[in-house]
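Student: Mind looking over this structure? Questions follow.
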Amino acid sequence: MLNRDDPQRRSALEAFLGRAAEARSDSLTGWSRLTGGAIQQNLQIEFNVTGGPFA
């Protein structure tokens, strides 16, 4: 389970998404758990990207 209050996991997620998006800068603005999914965890992730193909 992804803990919103764990700064180490938040930082790791930001770094991963920034590399995947080839971003010049990025910021994770929030995430929430979605309902459903009996055997998996579904998340809505809000992520701002500057630079790169997904800006």
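The values are calculated or read from the model by the stated rules, or taken from the named source; none is laboratory data. Since the model is a prediction, treat every value here as computed from it, not as a measurement. We place every Cβ from the backbone using ideal geometry, glycine too, and count neighbours over all the protein chains shown.
Student: Within region 20-42, how many residues are free of Cβ contacts under 8 Å to residues at least 24 places away in the same chain and in contact with an Asp or Glu (Cβ under 9 Å, 6 or more places away or on another chain)?
Tutor: 5
Student: What residue, among those in region 5-21 that are exposed (fewer than 13 other Cβ atoms within 10 Å of the Cβ) and part of a loop (DSSP other than H, G, I, E, B), is modelled with the highest pLDDT?
Tutor: Looking at the filtered set, the residue picked out is Asp6.
Student: So, one more: With the requirement that a residue be at pLDDT below 90 and assigned to a strand (DSSP E or B), what does region 28-46 give you?
Tutor: Leu28, Thr29, Gly30, Trp31, Ser32, Arg33, Leu43, Gln44, Ile45
Student: Mind listing whichever residues of region 33-55 are surrounded by 11 or more Cβ atoms within 10 Å (Cβ to Cβ), out of contact with any helix residue (DSSP H, G or I) (no Cβ under 8 Å at 6 or more places or on another chain) and not β-branched (Val, Ile, Thr)?
Tutor: Matches in region 33-55: Arg33, Leu43, Asn48, Gly51, Gly52, Phe54, Ala55.
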